[in-house]
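Down below is the structure, laid out as structure tokens.
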Amino acid sequence: MKAMVLHKPAPVETVPLKYEDYPTPRPGRGEVLIKVISCGVCHSNLHMIEGDWVRMGVPAKLPIIPGHEIIGKITELGEGVESFREGEIVGAQPLWSACGHCDYCITGNEHLCNSVQITGETVDGGYAEYFLAKADYIYRIPENVDPEINSPLFCPGVTAYRASKLANLGPNKKVYVIGIGGVGHVALQTSKLFGSEVIAVSTSEAHAKLAEEMGADGVVMAKRDYSNLSEHFGKGDSVIIFSPNQKAIDAAVNIVKKQGTLVVGVFGNINDFRFTKEINVRGSVIGPRKDMKEVLELASKGLIRLKVTKYKLQEANEVLRKLKDGEIIGRAVLLP
Ligand SMILES: [Zn+2]
Ligand SMILES: [Zn+2]
């Protein structure tokens, strides 16, 4: 098969992904082979490819095929797979597998399992013609969900939905969503589903426009230092942050009301934490299979829309360069 393969992490301007022949995997017991229809291009792919996460042991192997937001068609079933048939359209998320028996796994929090395998980071991912998955960790795509543009449901979709779920949202509450990229533009929509007034924050005019298109109740064009966030709409009951900018995180702490909730979905530090405000701070990362299934239901009801641009698989280096420079509006997907 053809794939975009990473042999050595390097800046994306140096074209680190090579389009080349790669052995087509064969499904073992409990596994399925999927012919990739589309794979989303995630900011975390960029971090891994450029070597930002080498100190954390990512990628766990080289060469590796990146990509963890995947939709494709099952072409081969491994031994013992009874829950799927050949020809079915399915999706796979960053959670490639978990141990299945630890405390996290048995309580429906398998995305926190200490033995997870991560698609495109510890095992080969979806920047390829074929992708190998575990049958227990894939999802049937509803018929009215277009497989070419909905692969980002499997990372931004579930990530946004879980952050909204954890943000203590509800009617008569106001939530700020900071950072309107691939995840943020979905988080606006998933937050509205909980009945809250949703205010989008971005430093980019193009992203602010996207927020309006996606139904934000208000949009704040943030200054570079994020000092003007609460000027128009006051403080928020909740703040969800997907901007990987320390200044944005610092500002977020200050616009949460007393006893409000701050949900952090990016790396960063909570500086200037004031216990006297009794705020809740919590992290949120991707999501378990239950949340993923709920996201697919919402998408099939038309309640989650993705802003997606299609590219060819071979264009991955250039797409990642655009992502790095803030030129991707919504999400880019690669089609083999
Ligand atoms: Zn992702
Ligand atoms: Zn486990």
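Laboratory data are not the source of any read-out in this text; all were calculated from the coordinates shown. None of these values were measured; they are calculated from a predicted model. Here the Cβ is made from the backbone with ideal geometry for all residues, glycine too, and neighbour counts use every protein chain on show.
Residue-wise, which Karplus ³J(HN,Hα) couplings in Hz belong to region 44-54, taking 6.51 cos²θ - 1.76 cosθ + 1.60, θ = phi - 60°, and x for glycine or proline?
Values, residue by residue: 6, 4, 4, 4, 5, 4, 7, x, 5, 10, 4 Hz.
Jot down the radius of gyration and Dmax of the chain, Cα atoms only, both in angstrom.
For the chain, the Cα radius of gyration and maximum Cα-Cα distance read 19.5, 60 Å.
Past 28 Å, Cα to Cα: identify those pairs from K2/K310; K35/K307; K209/K324; K165/K312; K35/K61, in the order given. Intermediate values should be presented prior to the final figure.
Working: K2/K310 18 Å; K35/K307 23 Å; K209/K324 20 Å; K165/K312 34 Å; K35/K61 22 Å.
Over 28 Å Cα-Cα: K165/K312.
Skipping prolines and chain starts, which residues have an amide H placed within reach, meaning under 5 Å, of the one on Y139, given they are 5 or more residues away or on another chain?
G91
Based on the alpha-carbon gyration tensor of region 71-230 and its eigenvalue square roots a ≥ b ≥ c, which shape applies: rounded if a/c is under 1.5, prolate if not and a/b is larger than b/c, or oblate? Each step should come with its number before you reach the end.
Numbers: a/c = 2.31, a/b = 1.89, b/c = 1.22.
Prolate, because a/c is 1.5 or more and a/b exceeds b/c.
Between region 141-211 and region 243-275, what's the alpha-carbon centroid distance in Å?
18
What does DSSP give for the chain in terms of the percent of beta bridges that are antiparallel, rounded to the nearest 5?
On the way: 31 of 59 bridges.
Roughly 55 percent of the DSSP beta bridges within the chain come out antiparallel.
Provide the net charge surrounding I328, with neighbours chosen by a C-beta distance below 13 Å and charges set as Lys +1, Arg +1, Asp -1, Glu -1.
On the way: positive: K307, K310, R321, K322, K324, R331; negative: E315, E318, D325, E327.
Computed value for this residue: +2.
Quote the FRET efficiency, to the nearest 0.05, computed for K235 versus A206 with a Förster distance R0 of 30 Å and r equal to the Cβ-Cβ distance.
In this case the efficiency is close to 0.65.
Show which lysines lie in cross-link reach of K277 when reach means a straight Cα distance below 18 angstrom and same-chain residues fewer than eight apart are skipped.
K173, K174, K235, K257, K258
Give me a comma-separated list of calculated 3J(HN,Hα) values for region 107-121, in order, Karplus coefficients 6.51, -1.76, 1.60 applied at θ = phi - 60°, integers in Hz, x for any Gly or Pro.
10, x, 10, 4, 5, 9, 3, 6, 10, 5, 9, 10, 4, x, 10
Mind running the shape call on region 158-283? Use the C-alpha gyration tensor, a ≥ b ≥ c as the square roots of the eigenvalues: rounded below 1.5 for a/c, prolate if a/b tops b/c, oblate otherwise.
On the way: a/c = 1.39, a/b = 1.15, b/c = 1.21.
Because its axes are fairly even, with a/c under 1.5, region 158-283 counts as rounded.
Quick query: amide H of Y19 versus all other amide H atoms, modeled in the peptide plane; which residues come in under 5 Å with a sequence gap of 5 or more or a different chain?
Amide H neighbours of Y19: V5.
Over the chain, what is the relative contact order in percent, taking alpha-carbon pairs closer than 8 angstrom and at least six residues apart?
On the way: 817 pairs, mean separation 62.8, N = 336.
Rounded, it is 19 percent for the chain.
From the phi angles alone, apply the Karplus equation (6.51, -1.76, 1.60; θ = phi - 60°) to region 305-321 and give each ³J(HN,Hα) in whole Hz, x where the residue is Gly or Pro.
Values, residue by residue: 10, 10, 8, 10, 10, 8, 10, 7, 3, 4, 8, 3, 4, 5, 5, 5, 4 Hz.
Among F194, N269, N280, which residue has its Cα positioned farthest towards the positive end of the charge dipole of region 158-283, with +1 placed on the Cβ of Lys and Arg, -1 on the Cβ of Asp and Glu, and the dipole taken about the Cα centre?
So the residue we want is N280.
Which value at 222 nm does the chain reach when only helices count, each DSSP H run of 4 or more adding -39,500 (n - 2.57), with the total divided by all residues and rounded to the nearest 500 deg cm²/dmol?
Value at 222 nm, helices only: -6000 deg cm²/dmol.
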